[in-house]
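Here the structure comes first, spelled out in structure tokens, and everything after it is commentary.
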Amino acid sequence: MHLLTFDWNPTTGIDIIGNFKIHFYSLMWIVAFLIGYRIMKYIFKRENVAEENLDPLFMYTVLATMLGARLGHVIFYQTELIFQDPLSVILPFKFVGGFEFTGFQGLASHGAAIGIIVSMYLYRKKYNYKSLIWILDRIVIPVASGAVFIRMGNFINSEIIGKVTDSNLGVRFVQDYYSKRAIVRETGITDYKEAYAAVTNNPKFVHLLEAIPTRHAAQLYESFCYIFVFAILWFFYKKTNKGNQPGFLFGLFLVLLWTVRFFVEYVKEAQVVGREDWILGLNTGQILSIPFILIGLYFMFSYKPKTATK
């Protein structure tokens with residue numbers, strides 16, 4: 001019985017020309033950055049920081065997020081790409097097996113977090129105002145809001161899917177289960193877009209739909225939780241004195257976000273085959289989350305700045 005099962009078979013983007021396509025996933029990244037920019041603009045104005053420092057901060061954040069996320073994915077989850085198709089690591093194209101515009105498929109949040117921290121250190125060295133910890137305490141607020149949209153983008157792309165569940169509230173990810181080649185073969189419809197549409201709209205192919213396992217909507221679970229991470233950070237920043245305690249918001253962000261990630265991993269398919277139970281029954285995503293949580297606890301309860309925040 002799948003009375004309440006949700007079948008997810010969306011159009012993932014807008015075709016422009018040839019293989020070039022505007023992906024809704026990419027639009028989610030743009031939305032995340034634009035909202036983050038507005039949040040930081042509000043913070044700068046509220047704390048009387050010169051707005052001329054905002055645009056370079058935005059550029060550092062965007063570049064660090066994308067570069068860190070991409071390198072993090074390759075290092076933590078797809079190391080073989082360095083040897084098999086090295087140019088695709090830093091460029092949004094596939095070069096092996098035929099040239100194709102792919103966008104940056106494969107971005108790791110752990111890598112993005114490291115990239116942002118490093119970039120904020122470099123940014124602070126060039127733009128000498130406030131302190132590094134002041135910047136980190138503020139930048140995590142828009143980062144948390146951005147995480148909401150990134151996971152929504154993952155859901156649109158039917159990627160980072162959940163484990164199989166017998167729940168009637170699960171999701172059947174049509175485009176994850178059937179590749180383009182498979183859906184053409186199974187339906188006999190040569191246009192893969194029409195073939196995908198036929199699976200959910202044509203009773204003739206209902207058996208193909210029923211073969212798809214029901215899974216947890218792990219991306220939506222995570223996205224929903226990140227709304228609360230953002231709300232909690234915003235509350236502490238706006239309504240309490242903790243927002244003025246150096247390192248507290250940064251640490252709180254690390255604890256909340258990576259705790260969410262740690263527990264959602266239990267209902268998420270492991271991203272590295274063979275590392276489903278890597279160490280002590282934990283997968284790669286969970287192992288990588290633990291250091292961030294511990295660092296966060298340190299900044300919340302033990303960190304003492306060497307000098308007062310300017």
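Remarks
- For the stretch 171-213, size of Cβ-based charge dipole, Lys and Arg +1, Asp and Glu -1, in debye: 80 debye
- Considering only the chain, percent of DSSP beta bridges that pair antiparallel, nearest 5: 75 percent
- Around the Cα centre of the chain, unit charges on the Cβ atoms of Lys, Arg, Asp and Glu (plus for the first two, minus for the last two) sum to a dipole of about 1360 debye.
- Per principal axis, descending, Cα span of the stretch 194-275 in whole Å: 62, 32, 17
- Relative to the 2.2 N^0.38 Å rule of thumb, the stretch 154-238 has a C-alpha radius of gyration ratio of 1.44.
- Contact order normalised by residue count of the chain, Cα under 8 Å, 6+ apart, percent: 20 percent
- In summary, the aspartates and glutamates within cross-link reach of K163, defined as a Cα separation below 18 angstrom excluding same-chain residues under 8 places away, comprise D7, D176, E210, E222, E265, E269, E276, D277.
- Cross-link reach list, lysines versus K242, counting only Cα pairs under 25 Å and skipping chain neighbours closer than eight places: K41, K45, K130, K304, K306, K310
- Here the stretch 171-213 is treated as a Stokes sphere of Kirkwood radius computed over C-alpha pairs; at 37 °C and 0.692 mPa s its diffusion coefficient rounds to 328 µm²/s.
- Sites I14 and V164 - FRET efficiency at Förster radius 25 Å, r taken between beta-carbons, to 0.05: 0.20
- Listed residue (H23, L297, G153) projecting farthest to the positive dipole end of the chain, Cβ model: L297
Just so you know, all these numbers are worked out from the coordinates, no wet-lab data involved. Treat the numbers as computed from the prediction; the structure is a model and nothing was measured. Virtual Cβ from ideal backbone geometry, glycine too; neighbours counted across all protein chains shown.
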